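Colleague: Below: one structure in structure tokens.
The values are calculated or read from the model by the stated rules, or taken from the named source; none is laboratory data. Quantities reported herein were computed from a predicted structural model and do not represent experimental measurements. Don't worry about glycine lacking a Cβ; one is built from the backbone with ideal geometry, like all the others, and counts go over all protein chains shown. Protein only, heavy atoms only, side chains kept; ligands, DNA and RNA dropped before computing areas. Shrake-Rupley method; radii C 1.70, N 1.55, O 1.52, S 1.80 Å.
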Amino acid sequence: MQKQREHWGSRLGFILAALGSAVGLGTMWKFPYVTGQNGGGLFVLMYVFCTFFIGVPLFVAELLLGRKAQRGVVGTFSLLSNNSVIWKTAGWLGVASSFLIMSFYSVVAGWSLNYVFLSLNQFYLNRSAQEISHVFDVLAASGDITIFWHLLFTAITAAMVYRGVRQGIEYWNKVMTSTLVILLIVLCIYSVTLSGFWQGFDFVFYPDLSKFKASSALEALGLAFFTLSLGQGVMITYGSYMRREDDIPKTAGIVGSMLIVVSMMAAILIFSSIFTFGFGPQEGPGLVFKTLPVVFAQLPGALFISTSFFFLLVFAALTSAMPLVEVVSANFMDLYGWSRHKAVLVTAVGCFSFGIPSALSSTDIVFANWRQIYGKSFFDTINDLVSIWLLPIGGLMISIYIGWFLSREVVYEEFHAGTRLGYLWRPWLFFMRWVVPVGIILIILQTSSVIDVNHLFS
Ligand code: PHE
């Protein structure tokens, strides 16, 4: 029995929610350091390309499926495929990925929350550069403190989702995603005054062809996947709250373009800052928590800059975490008739508990021998499991389902409902059937080391 389903209150509300989901730690934390490791401009270009040619078509596909079925991700697959076990499994895979992402995402997001408070207390005063970066190592190694922030972040996310689609998700996205964009613009304008600005700008925009590596192209594709929140049902779930008169292809185009602009602003801000103080671009994952605070401490207006930046990071993380909780809870509501409150509560407690070993992964408190046995920390194991396997496989299944299995008339009709961009139907279908699956299969083979595409080009 289906209850009356809630819908988005406005188009802007939906765009901000979709953008909020996209712009998260992937954009603010991962994109800059991966760009740094892959040589800058050319990688950015590949990222833009992957976003528009593979990400956006799949984004459209997920919204279409959700809007058609008006159910969460498992419900969508079982309804459209007449209960086929394979496709239902694809739905459960999405739920599992969301659950797993949320479990470690909120650990990193919790650290960001901690840095807001640190910045407000001007923790960098009277500390040397080394001491400032060392704060992060100490934090990561402090299990109880990390768990505290992980819990707080999970609780805040759950409290927002608890209020429902319009009053919770849409409302908070309107507040936070718009603040985020404004704050980012202010910080970017500020970064123009820095002496490293042009060096940062060149690094982000100048494509140096001599640095081309085929594997970077696949890395760009994987990142585009993660940032657009694809492959695990977020957009299916968000699509299920859309109405038939909403223009899906146009919305997808707008969200994709805004995501690119925001990513570039974040990268320019970060690289101008670090070049101003002579740091290199290849700092890796510690870039945001270890290098940036050192840089901020030396800037005029450090208190404002540092606090705003970490606020921005927390907002970005919250608006991406909300849909993760929603994917899992919407499923419980659809399949088992649970109330929203019960579903959200159970999901949040589950994600928090499963996240504890990730939060403790730099300590010896639980799974002390995990790294010795499996070669990486528990946190990285879950992160890699999701980014290398589950999301690409989820995306592959969605593209194959919509391109090859779901009845062509249904897809045709849903694609055309509400849009004036009907002429994109043929190219879109071609991409869904061929380009997207082949691209994804290549990423899976490369990241699992079955093939090394760099050999093909050397
Ligand atoms: N898109 C988010 C980010 O860039 C991460 C995310 C992935 C969120 C998948 C939801 C689903 O950080």
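Colleague: How many nm is it between the label spots at V85 and H7, if each spot is 7 Å from the Cα in line with the beta carbon?
Modeller: 3.8 nm
Colleague: While we're looking at this one, here's another question. Run the accessible area of the chain with a 1.4 Å probe and give the carbon-and-sulfur part as a rounded percent.
Modeller: 65 percent
Colleague: Something else now. So what are the ³J(HN,Hα) numbers for the range 172-185, from phi and the Karplus equation (6.51, -1.76, 1.60; θ = phi - 60°), rounded to whole Hz, Gly and Pro as x?
Modeller: 5, 5, 4, 5, 7, 5, 6, 4, 4, 5, 5, 4, 5, 5
Colleague: In deg cm²/dmol and to the nearest 500, what is the mean residue ellipticity at 222 nm of the chain if only DSSP H runs of at least 4 residues count, each as -39500 (n - 2.57), divided by the residue total?
Modeller: Roughly -22000 deg cm²/dmol at 222 nm, from the helical runs in the chain.
Colleague: Further question on the same structure: Compute the distance in nm between two label points, each set 7 Å from the Cα along the Cα-to-Cβ direction, one at N126 and one at D202.
Modeller: Distance between the two pseudo-spin positions: 4.1 nm.
Colleague: Accessible area of H455, 1.4 Å probe, to the nearest 10 Å²?
Modeller: It works out to around 130 Å².
Colleague: Sort out for me the Cα centre separation of the range 356-393 from the range 257-307, rounded to whole Å.
Modeller: Taking the Cα centre of the range 257-307 as reference, the centre of the range 356-393 is 27 Å away.
Colleague: Quote the relative contact order of the range 11-456 in percent (integer), defining contacts as alpha-carbon pairs under 8 Å separated by 6+ residues.
Modeller: 35 percent
Colleague: Okay, moving on. Please enumerate, by chain and number, the lysines with C-alpha under 22 Å from the C-alpha of K30, excluding those fewer than 8 residues away in the same chain.
Modeller: List returned: K211, K213, K290, K376.
Colleague: On to the next question. Measure nothing fancy, just the Cα-based angle from helix 340-359's long axis to the longest principal axis of the chain, in degrees from 0 to 90, nearest 10.
Modeller: The two axes meet at around 40 degrees.
Colleague: Tell me, in nm to one decimal, what length is gained between F49 and A214 on full extension, where the rule is 0.36 nm per residue of separation less the Cα-Cα distance?
Modeller: Stretched out fully, the F49 to A214 stretch lengthens by 58.0 nm.
Colleague: Sticking with this structure for a sec: About its Cα centre, how strong a charge dipole does the chain have in debye, to the nearest 20, once Lys and Arg get +1 and Asp and Glu get -1 at the Cβ?
Modeller: Here the chain has a charge dipole of around 1000 debye.
Colleague: Which is farthest toward the positive dipole end of the range 11-456 among V192, T419, F405, measuring Cα position about the Cα centre, with Cβ charges +1 (Lys, Arg) and -1 (Asp, Glu)?
Modeller: Result: T419, furthest along the dipole toward the positive end.
Colleague: Against the longest alpha carbon principal axis of the chain, how many degrees, from 0 to 90 and to the nearest 10, is the axis of helix 436-447 turned?
Modeller: Helix 436-447 and the main axis of the chain meet at about 40 degrees.
Colleague: Now, a different point. Cross-link candidates for K250: which aspartates and glutamates have Cα within less than 18 Å, leaving aside residues fewer than 8 places away along the same chain?
Modeller: E62, E413, E414
Colleague: For helix 214-227, what angle does its Cα long axis make with the longest principal axis of the chain, in degrees from 0 to 90 and rounded to 10?
Modeller: The two axes meet at around 70 degrees.
Colleague: Taking all pairs of distinct Cα atoms, average 1/r, flip it, and tell me the Kirkwood hydrodynamic radius of the chain in Å to one decimal place.
Modeller: With all distinct Cα pairs of the chain included, I get 22.3 Å.
Colleague: As an exercise, identify the trypsin sites (Lys or Arg not before Pro) in the range 371-429 lying in DSSP coil whose Cβ has no more than 16 other Cβ atoms within 10 Å.
Modeller: K376, R420
Colleague: I'd like the Karplus ³J(HN,Hα) series for the range 370-379: coefficients 6.51, -1.76, 1.60, θ = phi - 60°, whole numbers in Hz, and an x wherever there's a Gly or Pro.
Modeller: Once rounded to whole Hz, the list reads 3, 4, 5, 7, 9, x, 8, 5, 4, 3.
Colleague: Moving to a separate point now. Enter the Cα centre distance for the pair the range 311-348 and the range 192-240, rounded to the nearest angstrom.
Modeller: Going from one Cα centre to the other spans 27 Å.
Colleague: For the range 73-82, what does the Karplus curve 6.51 cos²θ - 1.76 cosθ + 1.60, with θ = phi - 60°, yield as ³J(HN,Hα) per residue in whole Hz, taken in order and with x for Gly and Pro?
Modeller: Values, residue by residue: 5, 5, x, 4, 5, 6, 5, 6, 9, 6 Hz.
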